[in-house]
Amino acid sequence: MWDKQIAIDQVRAISLRGKIYFGVGAITYIEEIIGELQKEGVEKLLVVTGKNAYISCGAWEVIESALLSRGVKFAVYSGVTPNPTAEQVDAAVQLGVSVGAQAVIGIGGGSAIDAAKSAAVMLKYPEKKCADLYEYTFTPTEALPIVAVNLTHGTGTECNRFAVVSIPEKNYKPAIAYDLIYPRYAIDDPALMTGLSLAQTRYVSIDAMNHVIEAATSRSANTLSIQLAAETIRLVTEYLPLAEKDPKDLKARYFLAYAAMIAGWAFDNGLLHYTHALEHPLSAVKSDLAHGLGLAMLLPAVVENIWQESGPLLAQLFAPFAPGLDGSPKGAAKAAHAVQKFLVAHGVSEKLSDLGFTEDDVPVLTELAMNTPSLGGLLDQAPTFADRVAVSAIYLNSMTMNP
Ligand SMILES: [Fe+2]
């Protein structure tokens with residue numbers, strides 16, 4: 001098993017923070033969370049969310065009544081879109097300044113929570129712009145307390161120190177990673193996730209799968225990230241079909257949410273590499289592209305690339321959906337094919353050309369992967385040498401489905 005392959009003399013920093021209320025009905029704990037924040041003197045809050053889901057899933061009714069009954073003043077910024085922009089964060093911050101926000105609640109999937117995390121930082125630096133944060137023109141040292149109410153089972157952002165925001169003028173979709181944006185409290189309530197569409201259900205779980213495939217094979221991979229990867233892949237393989245069949249299957253949503261949460265811990269500790277570094281340019285250029293779909297289109301080619309280094313481990317990790325893979329370098333093509341088969345079985349058969357990308361786009365995408373702030377750092381984590389040639393080859397190999 002994989003534990004035999006761990007180099008025990010490699011010291012790794014393992015980090016897990018925040019308190020997560022996890023399980024069906026967890027949303028009711030929002031009142032307790034607000035009470036804890038009040039003990040620290042928080043009486044004014046900024047809520048950051050998207051347009052509708054926070055209401056339609058039932059979360060807002062509970063949160064609003066808790067805020068009102070606790071007598072906390074609040075303002076709601078509900079302009080976060082998928083692939084949120086730095087301008088949206090700036091607008092949220094302006095609203096937060098106007099109410100004197102002392103903490104931020106993000107309600108939504110990764111987009112809303114990442115915008116909330118960013119706003120929590122920028123409220124400490126209101127004279128600056130969010131783009132400055134994501135272009136690394138300054139290093140923040142403080143942020144307001146963050147509460148993450150998670151409505152999807154994919155990003156893991158409710159429990160880690162990452163956030164992603166786009167700067168559309170530059171086609172940048174950078175990430176930040178700071179200890180100060182660990183959510184102080186998070187809520188993972190599977191009952192809030194039963195309204196996810198079939199496509200969203202699949203994309204977010206594919207996001208979680210990618211988090212662990214990368215976190216287990218990066219240059220920072222460690223015992224925790226590998227162990228969590230094995231469990232994430234097992235749970236997604238078992239429970240995604242159940243959620244596809246019955247979106248209201250709470251047990252399926254529970255374990256998909258759990259898989260996504262531990263995947264969030266996995267990449268908090270093991271980091272990410274190719275698939276995310278190459279996906280961000282795709283959804284930066286096409287802002288309506290779902291992150292999980294972008295990852296799915298790239299994953300088979302990424303697996304084929306890294307198999308030469310990570311094949312023995314990945315053959316073990318992929319066993320729940322593709323038992324008996326050959327972990328040696330000659331098993332690479334078959335492994336990539338097995339991943340593609342898994343994705344197709346979950347209704348995801350699109351490749352880059354289906355989304356309108358052509359070979360002519362590859363130089364620009366490669367440039368963005370190499371030069372977008374922070375993405376180079378991810379590429380440095382790849383188990384194989386991630387130069388322009390390797391990055392271009394992954395994009396090219398992801399244009400169409402392998403026969
Ligand atoms: Fe992701």
Query raised in the report: What do you reckon, is Ile213 within 20 Å of Leu45 (Cα to Cα), surrounded by 23 or more Cβ atoms within 10 Å (Cβ to Cβ) and hydrophobic (A, V, I, L, M, F, W, C)?
Result: no
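Can you say whether His280 is within 16 Å of the ligand (Cβ to nearest atom) and in a helix (DSSP H, G or I), as far as the supplied structure shows?
Details: within 16 Å of the ligand (Cβ to nearest atom): yes; in a helix (DSSP H, G or I): yes.
Yes.
Scan the stretch 350-380 residue by residue and report those that are part of a loop (DSSP other than H, G, I, E, B) and either surrounded by 13 or more Cβ atoms within 10 Å (Cβ to Cβ) or in contact with a Gly (Cβ under 8 Å, 6 or more places away or on another chain) (or both).
Glu350, Lys351, Phe357, Thr372, Pro373, Ser374, Asp380
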Query raised in the report: Does the stretch 152-178 hold any residues that are away from the ligand (no atom under 16 Å from the Cβ) and either under 23 Å from Lys248 (Cα atoms) or within 16 Å of the chain's Cα centre (by Cα) (or both), and which are they?
Result: Tyr178
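Run down Ala91, Ala148, Ala101 and say which single residue is buried (at least 24 other Cβ atoms within 10 Å of the Cβ) and away from the ligand (no atom under 16 Å from the Cβ).
Working: Ala91 fails: buried (at least 24 other Cβ atoms within 10 Å of the Cβ); Ala148 fails: away from the ligand (no atom under 16 Å from the Cβ).
Being buried (at least 24 other Cβ atoms within 10 Å of the Cβ) and away from the ligand (no atom under 16 Å from the Cβ) holds for just one of Ala91, Ala148, Ala101, which is Ala101.
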**Report entry** Those residues of the stretch 304-348 which are within 16 Å of the ligand (Cβ to nearest atom) and in contact with a Phe, Trp or Tyr (Cβ under 9 Å, 6 or more places away or on another chain), in sequence order
**Finding:** Val348
Report task. Inspect all residues belonging to the stretch 208-231 and state whether any of them is over 19 Å from Ile14 (Cβ atoms), more than 15 Å from the ligand (Cβ to nearest atom) and in contact with a Ser or Thr (Cβ under 6 Å, 6 or more places away or on another chain). Result -> no
Query - Residue in the stretch 338-349 that is touching a residue at least 12 places away in the same chain (Cβ under 8 Å), in contact with a Pro (Cβ under 7 Å, 6 or more places away or on another chain) and buried (at least 18 other Cβ atoms within 10 Å of the Cβ) present - result: yes
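Hey, can you tell me all the residues within the stretch 8-50 that are part of a loop (DSSP other than H, G, I, E, B) and of a type outside the set (Gly, Ala, Ser)?
We begin by selecting, within the stretch 8-50, every residue part of a loop (DSSP other than H, G, I, E, B); these are 8-18, 23-25, 40-43.
Listed by number, the residues that qualify are Ile8, Asp9, Gln10, Val11, Arg12, Ile14, Leu16, Arg17, Val24, Glu40, Val42, Glu43.
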Query raised in the report: So which of Lys248, Lys334, Lys330 ends up being in the same structural domain as Ala208 (by TED's automatic domain parsing) and either in contact with a Pro (Cβ under 7 Å, 6 or more places away or on another chain) or closer than 30 Å to Leu196 by Cα (or both)?
Result: Lys248
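Quick check on Ser78: is it in the same structural domain as Pro168 (by TED's automatic domain parsing), crowded, with 22+ Cβ neighbours inside 10 Å and touching a residue at least 24 places away in the same chain (Cβ under 8 Å)?
Working: in the same structural domain as Pro168 (by TED's automatic domain parsing): yes; crowded, with 22+ Cβ neighbours inside 10 Å: no; touching a residue at least 24 places away in the same chain (Cβ under 8 Å): yes.
Taking the combined requirement at face value, the residue does not satisfy it.
Those residues that are outside any loop (DSSP other than H, G, I, E, B), within 18 Å of Glu238 (Cβ to Cβ) and among the hydrophobic types (A, V, I, L, M, F, W, C), I need them from the stretch 297-327; list them, please. Reasoning before the result, please.
Looking only at the stretch 297-327, we keep the residues that are outside any loop (DSSP other than H, G, I, E, B), and these are 297-317.
Okay, now just the ones that are also within 18 Å of Glu238 (Cβ to Cβ), so 316-317.
Selection gives Leu317 alone.
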Report task. Return yes when Thr201 is among the hydroxyl-bearing types (Ser, Thr, Tyr), within 16 Å of the ligand (Cβ to nearest atom) and under 21 Å from Met1 (Cα atoms) and no when it is not. Result -> no
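The values are calculated or read from the model by the stated rules, or taken from the named source; none is laboratory data. The model shown is predicted, which means the values in this text are computed figures rather than measured ones. Note: ideal-geometry Cβ built from the backbone for every residue, glycine included; neighbour counts use all protein chains shown.
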